[in-house]
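Written below as structure tokens is the structure these notes are about.
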Amino acid sequence: MESAHTADGDAVSSGASRGPNLSALAAITEAVQAGAGLPEILRAAGRALDASLILVDRSGSILAVAARSPADERSLMRDSDDVQILDLKVADTIVGQLRMRAREPELDPAMLSLVRTLIASEVERVRAPERAGEQAATDFMHAVIAGWGGDRESLIAQGKEFGTDLSAGAVVLVARGRPRQATEGDWRRRLLAVTARGARSVAPGALAAPLAGDAASVIVAVPDADGEAGRRVSAAILRELESGLAGFQFAIGRSRRVEDPLELQRAANEALLSANVAAEEPEVELAFEATGTYQLLLPYMSDPAELGRFYDETVRPLVAYDEQYETDLLGTLATFLECDASVNATAARLITHRHTVRYRFERVRELTGLDVQSTDGREKLSMGLKAMRVLGIAAPRGPATEPGAEGGRVPR
């Protein structure tokens, strides 16, 4: 949920304020003591502050509403001038936000501070067990995809503790999202929440967790007895991401179905490989079966260092050169390979002169020792490009300004 935040010192207007409504404040404390739940506590807070309120968690999910009407609720979700957005903190940790429209122009600062503290404490108390369960599920997922150390029965049994049955087969997906522009708030938590919601709308037993080492990616294990659940879940996740995270770009990779849950480590590698390839391709969703010759690199996914060495020995010098001199040797090479090694077709696609293309290939040969005019050189450079994509390394982007580029520029 995106918005400019109101600083704590600016949360209320300065000057005279109305006196605190002690009976309404007592109603909040009674609701907390009775364990009445967040909706009742928020309604009591709304009466105490004479305000319409919406309580959201750190991922932007609505926890409770105290509004006069559906229209009032909808207007609270818009970032208008009369809506204040207040962080709810326990110690230094933000546990949620309060969206508020007060009916009085000025609120008692002490009353507002006390109400925020009470609500924040209750949110932390209510959500702490859920977060502990989420962390346990995340630990389980990470253990599975890292290579389960136990037997099949123990894996299935532990999965059932988290509400998933992997005994009849499963598929793994990796969903990746990145904002196109700078974004405030914890969007990575929202990415996880939206991905999990999309997956569970089709497969209630799906487990979602942040991908270890990549907080911008979510890995999802989906029970799949019929071989179709993975495809349906992938489509549902994409719909949720597109509607719930506007202004983001996405890539979803999907593994093949595995019958034995002990093979989920391989499935996770397939999904990650597919997501990395999808990030550089027009397809937003990409199944492992559609990755073509990239599949040859799957055995190296468990040992990225080996892939890294191959990348270093082939196209990394081109990446370094492009970054330093803002050239486009790598893009020219990729286009040449896509054009079936035709210089003329490459020049036409890049809107440049064929002599410029040949000049760049001479530079490629000098930097890598590989000649694009030879079959062996093309194969090694092609596999180097694939290794780069599988490793998730982004290509440098810059204008082609090297000598010989007078015939045209590479479009960006």
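The values are calculated or read from the model by the stated rules, or taken from the named source; none is laboratory data. Nothing here was measured: the structure is a model prediction, and the numbers come from that model. Here the Cβ is made from the backbone with ideal geometry for all residues, glycine too, and neighbour counts use every protein chain on show.
Looking at Val83, Val95, just one residue is within 20 Å of Arg189 (Cβ to Cβ) and modelled with pLDDT of 85 or more, and that residue is Val95. Selection over segment 298-312 of residues that are among the hydroxyl-bearing types (Ser, Thr, Tyr), in a loop (DSSP other than H, G, I, E, B) and buried (at least 16 other Cβ atoms within 10 Å of the Cβ) gives a count of 0. Do the conditions hold for Ser243, that is, is it closer than 24 Å to Asp139 by Cα and either part of a helix (DSSP H, G or I) or modelled with pLDDT of 95 or more (or both)? No; evaluated as a whole, the condition is false for this residue. Do you know which of the residues in segment 252-264 that are crowded, with 24+ Cβ neighbours inside 10 Å and part of a strand (DSSP E or B) is farthest from the chain's Cα centre (by Cα)? The extreme case among them is Arg254. Every condition in (1) over 31 Å from the mean Cα position of the chain (by Cα); (2) outside any helix (DSSP H, G or I); (3) touching a residue at least 12 places away in the same chain (Cβ under 8 Å) is met by Thr29 except one, and the failing one is (2).
The residues of segment 230-244 that are surrounded by fewer than 22 Cβ atoms within 10 Å (Cβ to Cβ) and not polar (S, T, N, Q), listed by number, are Arg231, Arg232, Ala235, Ala236, Leu238, Arg239, Glu240, Glu242, Gly244. Candidates are the residues of segment 63-83 that are more than 17 Å from Arg43 (Cα to Cα) and polar (S, T, N, Q); the one that is surrounded by the most Cβ atoms within 10 Å (Cβ to Cβ) is Ser75.
Per the conditions (1) under 19 Å from Ala24 (Cβ atoms); (2) in contact (Cβ under 8 Å) with a residue 24 or more places away in the chain, the sole criterion not satisfied by Arg58 is (1). If I filter segment 128-143 for residues that are in contact (Cβ under 8 Å) with a residue 40 or more places away in the chain, among the β-branched types (Val, Ile, Thr) and closer than 23 Å to Val218 by Cα, do I get at least one hit? Checked segment 128-143: at least one residue is in contact (Cβ under 8 Å) with a residue 40 or more places away in the chain, among the β-branched types (Val, Ile, Thr) and closer than 23 Å to Val218 by Cα. With respect to the conditions (1) in the same structural domain as Val32 (by TED's automatic domain parsing); (2) of a type in the set (Ser, Thr, Tyr); (3) touching a Gly at 6+ places or on another chain (Cβ under 9 Å), Ser121 falls short on a single one, namely (3). Applying the condition of being among the β-branched types (Val, Ile, Thr) and surrounded by 21 or more Cβ atoms within 10 Å (Cβ to Cβ) to segment 29-62 and asking which residue is nearest to Met77 (Cα to Cα) yields Ile54.
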